[in-house]
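These notes concern the structure reproduced below.
The values are calculated or read from the model by the stated rules, or taken from the named source; none is laboratory data. This is a predicted model, so every value here is computed, not measured. Here the Cβ positions follow ideal geometry from the backbone for every residue, glycine too, while neighbour counts run over all protein chains shown. Areas reflect the complete protein model, heavy atoms only, side chains present, ligands, DNA and RNA absent. Shrake-Rupley method; radii C 1.70, N 1.55, O 1.52, S 1.80 Å.
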Amino acid sequence: MRILLVEDHPTLREVIRDHLTGRGFVVDAFAGGQDALAAVEVVGYDALILDLGLPDMDGLDLLVRIRTLAGSALPALIVTARDAVPERVRGLDAGADDYLVKPFDLMELEARLRAVLRRPGDRRMELLSLGRLRLDRARREASVDDVPLALQRRELALLDQLLRADGRVVVRDLLEERLYGLEEAVTPNALEALVSRLRRKLEAAQCGVRIETRRGIGYRLTADEGT
Ligand code: CA
């Protein structure tokens, strides 16, 4: 899951980013609205965490502009010091899914984020499966015949992307974009190495699911007949 975080307070921005990164999210964090808009133009995000008081534009205006670019279904969680009722109403009217007033606990932020990601009405499936392989997206657990598969967070994120493609090829650029944050230096063979690791684990689990390479294009998941 790739999250767009817009928060101008440097410490809070880092703390939120570090917490969510540690919990398996890919987080692109920006201090201002212009940078966030530029990112939305090129990256597909799964959710937005937005501070309303920003130096370069009004947070609610930004929310409307991001939704225009990214689609109105993009889950949005507002974090702000403004706890007045009219502000909340404006935020929810502008399309926010939830509202968190500062100061807040990071565990609560994470719980609210997961909740907006799970909102009924969006088509994010909680459980994905292929053959005997199953991925519980809410619990971030992969398993084969109910036996947990020990995957690291980025291996899980890769599996998630491949399962969501439902047998279609996922192009490399898209995977790199979804799996690595903008601020991370991605070495040219990082994705190959990640694919190799996941491939070995799937083989070791003998689940009948394989990662097929389409050279120069990307990857897709296939399941052996009868699995
Ligand atoms: Ca602020």
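Before moving on, here are some points about what is shown:
- Accessible-area composition of the chain, carbon plus sulfur, in percent [1.4 Å probe]: 50 percent
- For the chain, the solvent-accessible area of protein heavy atoms averages 50 Å² per residue (probe radius 1.4 Å; ligands and nucleic acids excluded).
- Helix-only mean residue ellipticity at 222 nm for the chain, each DSSP H run of n ≥ 4 adding -39500 (n - 2.57), per residue, nearest 500: -12500 deg cm²/dmol
- Scanning the chain for trypsin sites (Lys or Arg not before Pro) that sit in a DSSP loop and have at most 11 other Cβ atoms within 10 Å, the longest stretch containing none of them is 1-122.
- Cα-based Rg and Dmax for region 177-227, where Dmax is the largest Cα-Cα distance (Å): 13.0, 43
- Approximate spin-label separation I217-S72, in nm, with each point projected 7 Å along Cα-to-Cβ: 3.6 nm
- Label separation (D61 vs R139): 4.7 nm, computed from points 7 Å beyond Cα along the C-beta direction.
- One equal scatterer on each Cα of the chain, no solvent, Debye formula: the resulting log10 I(q)/I(0) at q = 0.08, 0.12, 0.18 Å⁻¹ is -0.32, -0.68, -1.30.
- Once the Cβ-Cβ distance of A185 and D93 is raised to the sixth power relative to R0 = 45 Å, the FRET efficiency obtained is 0.65.
- Using alpha-carbon coordinates, inclination of helix 33-42 to the longest axis of the chain, degrees: 30 degrees
- Segment A204-Q161, extension gain: residue separation times 0.36 nm, minus the distance between their alpha carbons: 13.4 nm
- The long axis of helix 59-70 is offset from the longest Cα principal axis of the chain by roughly 30 degrees.
- Exposure ranking of E192, E212, E183 by accessible area [1.4 Å probe, largest first]: E183, E192, E212
- Stretched out straight at 0.36 nm per residue, the stretch from M107 to D173 would grow longer than its current Cα-Cα span by 20.6 nm.
- Using a probe of 1.4 Å, the accessible surface attributed to D93 totals some 120 Å² when neighbouring protein chains are kept in position.
- Debye log10 I(q)/I(0) for region 2-122, one point scatterer per Cα, at q = 0.16, 0.17, 0.21 Å⁻¹: -0.67, -0.77, -1.27
- Segment R153-V43, length gained on full extension (0.36 nm per residue, minus Cα span): 37.6 nm
- Rounded Å value of the spacing that divides the Cα centres of region 178-212 and region 134-157: 14 Å
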